[in-house]
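Novice: One structure follows; several queries about it will come next.
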Amino acid sequence: TQSRSSAASDVYKRQIKYSDTSLIVRLYTKEVGLVSYLLKGILKSKKGKLRTAYFQPLTQLSIISSHQEKRNLQLLKEAQVIHVYESIHTSVVKQSIVLFLSEILTSAIQEEENNTLLYEYLERSLIWFDSHEQISNFHLLFLLNLTKFLGFYPDTFDSHLNGFHLEEGLFTENMNEKEIIKADELIQFKKLLGINFDSVENINFTKIQRQKLLQTLIRYFELHLGGFRTPRSLAVLETVFSK
């Protein structure tokens, strides 16, 4: 059967060469979640309805595909870019952030079932990111708010307490356990709680604070997601924000 779906993107930039002429890509779709597609002949065709340029990290697509339940690789027939980014592909900083986030999403999203709220979060966030210039804190809030849709957003009920237990996902006064953040690290972490992207750039982090906060968030993901891997692009991102 043929279906049409709005795909938030080659969330993954996970392109695998299938033959001399074809690729396999993984897309996160609104209707059916995570799907692997075979792009037949895309490496040789110049006139077809698929282009390799459509499958850059976090591109937003509308697709026509053929789905069969028992098939591991679905067939992608057509794709169109539904939101042409104005700045993401021309800014080195934004490209670095997108590459980093695409790796995060590759590790974080493993369930094949659809999640409409997660899809819409990715869609809205990327459109905001593309249209704004003050984005040095974007990836921090993106990661923290992503945990809402993955099931481990921090429990803020006792946010007045002096520690946060990363493994338990809640605030605590027990400073003797492992995986506790406190003092300045906790102060910076709490600045991200309960805010939106329009507010995040009003927060002033030093380079060191931003780096430590990112490491804290990555550790938070590691503790709550089995098989989560630290992105290889983390070093590139840290270099970009160290300048």
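Novice: For residues that are in a loop (DSSP other than H, G, I, E, B) and either open to solvent by 80 Å² or more (accessible area, probe 1.4 Å) or closer than 26 Å to S136 by Cα (or both), tally how many sit in segment 52-81.
Specialist: Of the residues in segment 52-81, 9 are in a loop (DSSP other than H, G, I, E, B) and either open to solvent by 80 Å² or more (accessible area, probe 1.4 Å) or closer than 26 Å to S136 by Cα (or both).
Novice: Please go through segment 171-182 and give me each residue that is open to solvent by 70 Å² or more (accessible area, probe 1.4 Å) and either touching a residue at least 12 places away in the same chain (Cβ under 8 Å) or among the small types (G, A, S) (or both), ordered by number.
Specialist: Filtering segment 171-182 down to residues open to solvent by 70 Å² or more (accessible area, probe 1.4 Å) leaves 173, 176-178, 182.
Scanning segment 171-182 gives E173, E177, K182.
Novice: Restricting attention to segment 136-150, and to residues there that are touching a residue at least 60 places away in the same chain (Cβ under 8 Å) and surrounded by fewer than 19 Cβ atoms within 10 Å (Cβ to Cβ), which single residue is farthest from K30 (Cα to Cα)?
Specialist: Of everything passing the filter in segment 136-150, S136 is farthest from K30 (Cα to Cα).
Novice: Take the residues in segment 1-51 that are among the polar types (S, T, N, Q) and in a loop (DSSP other than H, G, I, E, B), then tell me which one is modelled with the lowest pLDDT.
Specialist: Only one residue tops the list, namely T1.
Yes or no, residue by residue, for (1) touching a Lys or Arg at 6+ places or on another chain (Cβ under 7 Å); (2) over 28 Å from T106 (Cβ atoms); (3) among the charged types (D, E, K, R); (4) surrounded by 14 or more Cβ atoms within 10 Å (Cβ to Cβ):
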| residue | (1), (2), (3), (4) |
| --- | --- |
| L161 | no, yes, no, yes |
| E168 | no, no, yes, yes |
| E185 | yes, no, yes, yes |
| L192 | no, no, no, yes |
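Novice: Now for a different question. All but one of (1) in contact (Cβ under 8 Å) with a residue 24 or more places away in the chain; (2) of a type in the set (D, E); (3) within 18 Å of F228 (Cβ to Cβ) hold for E185, so report the exception by its number.
Specialist: Result: E185 passes all but (3).
Novice: Since I208 meets every condition but one in (1) without any contact (Cβ under 8 Å) to a residue 40 or more places away in the chain; (2) in a helix (DSSP H, G or I); (3) surrounded by 15 or more Cβ atoms within 10 Å (Cβ to Cβ), which condition does it not meet?
Specialist: Every listed condition holds for I208 apart from (3).
The values are calculated or read from the model by the stated rules, or taken from the named source; none is laboratory data. These numbers were taken from a predicted model, which means no experiment stands behind them. As a convention, Cβ positions derive from the backbone with ideal geometry for all residues, glycine included, and neighbour counts pool all protein chains shown. Areas reflect the complete protein model, heavy atoms only, side chains present, ligands, DNA and RNA absent. Shrake-Rupley method; radii C 1.70, N 1.55, O 1.52, S 1.80 Å.
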